[in-house]
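Data first, discussion second: the structure below is written as structure tokens.
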Amino acid sequence: PGAAQDSALNALLDAEAIDWVLRIPADVLEHGRCEYHGRVVSNFTQLEALQGKLTEILRAERLRRLDLDPALLSELTLRADLRTIQHRGEATSEAGFESLYFGTLTLVMILYMTILVFGSMIQRSILEDKNQHITEVVLSGMSATQFFTGKILGIGAVGLTQYLAWLVLGAVAAALGLLSSANLQALPVLQPSTLAAFVTFYVLGFLLYAGLFAAVGAMSTTDQEAQQLMQPLVMLLVLPLVIMIYIFQNPDSAASVVLSLIPVFTPLVMFMRINISAPPLWQIALAYGLLIGSVVLVFIVSARIFRVGILMTGKKLSLVEAWRWVRQA
């Protein structure tokens, strides 16, 4: 196009009358260079699709000028179709990379967000009760351990109820035909073993971090103090997501195995390994045993901190003092 047409197209773009313009020069067959002009140039899916279609058109035109049959070239350059069959003991199943990766990523993110969001809710709830002097009234009718346990189990039940409601709504929407076939195909297919592992790691992971978050709430007197104490816990949750690609590519490496057996990483890392490979049963059993033992230990220590810290206000806590609470409570 000439300068006048360029100005007109730019004006349409600036006025948001059109979304994008593709400029194809006359000598495009020589260098293959085109220009995409648009207000948004970050939609990589659209850009890749457009680039692929342009490549096909240019290839066909070059072949036509050379008097070659495009169908023959397509046959000669046909790519291999590599199917992936996953072996889990004696059982085998066809598992596409995209569905396996994004299915695992979706479930891991649900675990991460659930533990972080509802764990933070416990910390904020305890801190609010403490600062508003509600705990004095509550503790007049129950023990600190009962209050501590009730907070964790109550908010944990809220999380389970929320997921149950989502499952019911999704099932109803699918039954009524409100979900398209494309949306249904995009959903990860959950095997019973995967679903059981997800629920188990959700419960145990939530209890582990909930106990830690509850201790943070009892130890803090302000939101700023709570945020400082929560940072190490959040980093422990984020680390498995940072190295997720490595775990996905090397689920049975020494690093992946060791991380999956460390209780603070087990809910996310071991779940990844179970979903994408077939860890030995002894590793799964050991991971569950260590995680359950850690939950019990965290509850004992956090309950002791909670009993002393829930009634203390206006004093900044040190880790040395927190350790003294644990020993004396």
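The values are calculated or read from the model by the stated rules, or taken from the named source; none is laboratory data. Owing to the predicted nature of the structure, the values given are computational and were not obtained by experimental measurement. Glycine also receives a Cβ, built like all others from the backbone with ideal geometry; neighbour counts cover every protein chain displayed.
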* Looking at the stretch 261-270, is at least one residue in contact with a Phe, Trp or Tyr (Cβ under 8 Å, 6 or more places away or on another chain), aromatic (F, W, Y) and either farther than 19 Å from T114 by Cβ or outside any helix (DSSP H, G or I) (or both)? -> no
Restricting attention to the stretch 99-112, does a residue exist that is more than 21 Å from V158 (Cβ to Cβ), of a type in the set (S, T, Y) and at pLDDT 75 or above?
yes
Flagged pairs (Cβ under 6 angstrom, 6 or more apart or on separate chains; first in the stretch 266-287, charged (D, E, K, R); second modelled with pLDDT under 90) are R273/P251; R273/P279
Residue count, the stretch 39-51, condition part of a loop (DSSP other than H, G, I, E, B) and surrounded by 11 or more Cβ atoms within 10 Å (Cβ to Cβ), comes to 2
Cβ pairs under 8 Å, 6+ apart or interchain, first in the stretch 1-20 and within 14 Å of V40 (Cα to Cα), second basic (K, R), ordered by first then second residue, are L13/R39; E16/R39; D19/R39; W20/R39
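Determine, yes or no, whether L54 is part of a helix (DSSP H, G or I) and either in contact with a Gly (Cβ under 8 Å, 6 or more places away or on another chain) or at negative phi (or both).
Details: part of a helix (DSSP H, G or I): yes; either in contact with a Gly (Cβ under 8 Å, 6 or more places away or on another chain) or at negative phi (or both): yes.
Answer is yes for this residue.
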Of the candidates G150, G177, the one satisfying the condition of being surrounded by fewer than 13 Cβ atoms within 10 Å (Cβ to Cβ) and either at pLDDT below 75 or not assigned by TED's automatic domain parsing to the domain that holds V108 (or both) is G177
Checking L237, L204 in turn, the sole residue that is in the same structural domain as G150 (by TED's automatic domain parsing), over 21 Å from P280 (Cβ atoms) and at pLDDT 85 or above turns out to be L237
Those residues of the stretch 239-254 that are in a helix (DSSP H, G or I) and either crowded, with 18+ Cβ neighbours inside 10 Å or free of Cβ contacts under 8 Å to residues at least 12 places away in the same chain (or both) come to a total of 9
Of the candidates A218, A210, A254, the one satisfying the condition of being over 29 Å from I310 (Cβ atoms) and out of contact with any Pro (no Cβ under 9 Å at 6 or more places or on another chain) is A254
(Q) Whether any residue in the stretch 19-38 is surrounded by fewer than 13 Cβ atoms within 10 Å (Cβ to Cβ), part of a helix (DSSP H, G or I) and within 38 Å of the chain's Cα centre (by Cα) is what I want to check. (A) no
